[in-house]
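J.: Okay, here's the structure, questions in a sec.
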Amino acid sequence: MSSHTPEVAHHDHDHEHGEGMTAKKIWQVFFVLLGITVIEFIIALYFVEKGYMDRSIANPIYILLTLAKAFYIVAYFMHLKFEKVGLIYSIAVPILFIIGLILVLTNESHHWISLRY
C-alpha cells in the first residue's frame, strides 16, 4: 500500500479573516447610505426650501455627500475595498485626472463665456 495524503486546496482569498461582505456588513453599509440620503433630503426639503440655507452652500454639501455615497457603493458593493492596492490605484488615479480635467474645462468655459458677453 502506498501512503499518500490527500491534497487540500488552500486558496489565498482576499475575503478571508472576516473582510468579506457578510449580511451584517451589507446592512451596515445600507444604513450608512440611507443616513446620507436622509441628510440630503433634510437639507433639500427643509433647509433650502425654507430659506435657512442658500443653494451656494447646499450644492457643495450635496457633492460631498454624493461622493461619500459613491465611495461606499464602489468600495463595498463593487468589492473594490477588497482588491489589491495596485488595482485600486489604477482605477482611482485616472478618475482623479478626469475630475481635474472637468474642473479645468468648466473654469475655461466660464472664461470664454464671460469674454463673449
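J.: Assess whether HIS79 counts as being modelled with pLDDT under 85, on the phi > 0 side of the Ramachandran plot and surrounded by 10 or more Cβ atoms within 10 Å (Cβ to Cβ).
T.: When the stated conditions are applied, HIS79 passes them.
J.: Still on this structure, please answer the following. Given the residues MET53, MET21, which is the only one that is in a loop (DSSP other than H, G, I, E, B), touching a residue at least 40 places away in the same chain (Cβ under 8 Å) and among the aliphatic types (A, V, I, L, M)?
T.: After ruling out the rest, the residue left standing is MET21.
J.: A further question on this structure: Which of the numbered conditions does LEU87 fail, given that it passes all the others? Conditions: (1) loosely packed, with under 13 Cβ neighbours inside 10 Å; (2) more than 25 Å from GLY20 (Cα to Cα).
T.: Result: LEU87 fails condition (2) only.
The values are calculated or read from the model by the stated rules, or taken from the named source; none is laboratory data. Keep in mind it's a predicted model, so treat the numbers as computed, not measured. No Cβ is skipped: glycine too gets one built from the backbone with ideal geometry, and neighbour counts run over all protein chains shown.
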